[in-house]
């Protein structure tokens, strides 16, 4: 009997409205065209650079294909997978997006329906972002309680090292592993070659404004430092931060323009492991972030979730740091990302955990 790896995760939507409508119909119908089902690169509208979470899908799809037959399923597809005893099921449960913060999983999703039909399937694995924030993971509590025997958690060490604070600490989890986020450095070149003069450097935030991004703290920082420029790329508004764009592909051309004005990337979130931190480390900006953003790189400027005085002190010190030191920090940050956040380490962790190696 040939084993099949059934993989459920997210891929980018097409930029064409007609194609989006077709994709939505296909997801609801329960039938994906064969090229889509096989994860064919010509059929899936990958963007460049491929950003998370789609980059996770891309790299795992290509890795899984090295080990046999793979079937891909859209995160929002509504159907039940026909699982054979030796098949592997690995996927991300999706939230019901009717509320924010999320309150429950989408019970009609392919992951939910399949796990309900095969509750005792031995090779079923949940892969998902994780932090100890009850709101961040609370929507999945019942799902993980019932089906989370094997967990692959995309997460910083700060959350695993404090599992006694986890909302899931008493769940019947048989095995779990922490997975470090990966990045492809060639897609995020070191475009930051110079810094603005001391006292005239800009601060950048890339991301949305959901509660776990802690953007009210960003607003407090801007209010306490009105003499500096603050720019935001992403949906939502942040008082004191100029919205550069509601969305942008962070390619080299875009970031070269950004780097003329902005010098330090700021993140004060409590998140699973913020991909934008890795991206800006590779681009060469100085990165200031909280430990709760999920990283332990020694060259990051340490911020606090709530302490505005501490945060402004750190950022004012950055304003007076010599350019050569900042360039060296940028080089070290990029090398750290290359050494500790490769896609090889990501995919190796996953394939070993699910027993392919």
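Overview of results
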quantity: Mean ellipticity per residue at 222 nm, deg cm²/dmol - from DSSP H runs of n ≥ 4 across the chain, formula -39500 (n - 2.57); calculated: -10000 deg cm²/dmol
quantity: Spherically averaged projected area in nm², based on the convex hull that wraps the Cα atoms of the stretch 65-213; calculated: 12.6
quantity: Computed P(r) (all Cα pairs; the stretch 200-254; 5 Å bins; percent); calculated: 5, 20, 31, 23, 14, 7, 1
quantity: Contour minus Cα-Cα distance for residue 223 and residue 197 (0.36 nm per residue); calculated: 7.2 nm
quantity: Net length gained if the chain between residue 248 and residue 316 were fully extended (0.36 nm per residue, minus Cα distance); calculated: 21.7 nm
quantity: Principal axes of the stretch 186-340: Cα extent on each, largest first, Å; calculated: 32, 30, 28
quantity: Rounded to 5, percent antiparallel among DSSP beta bridges of the chain; calculated: 5
quantity: Projected area, mean over directions - the stretch 154-194, Cα convex hull, nm²; calculated: 4.9
quantity: Stokes-Einstein D in µm²/s, Kirkwood radius over Cα pairs - the stretch 27-147 at 10 °C with 1.306 mPa s viscosity; calculated: 102
quantity: Choice from 166, 245, 74 with maximal GNM fluctuation in the chain (Cα, 10 Å cutoff); calculated: 245
quantity: nm² value of the averaged projected area, convex hull over the Cα atoms of the stretch 312-357; calculated: 4.6
quantity: The chain: translational diffusion in µm²/s, Stokes-Einstein, Kirkwood Rh over Cα pairs, 20 °C, 1.002 mPa s; calculated: 100
quantity: Most mobile of 321, 275, 209 in a GNM of the chain (Cα contacts under 10 Å); calculated: 321
quantity: Per-peptide average of other Cβ atoms within 10 Å, ordering 167-179, 224-236 highest first; calculated: 224-236, 167-179
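Just so you know, all these numbers are worked out from the coordinates, no wet-lab data involved. These numbers were taken from a predicted model, which means no experiment stands behind them. As a convention, Cβ positions derive from the backbone with ideal geometry for all residues, glycine included, and neighbour counts pool all protein chains shown.
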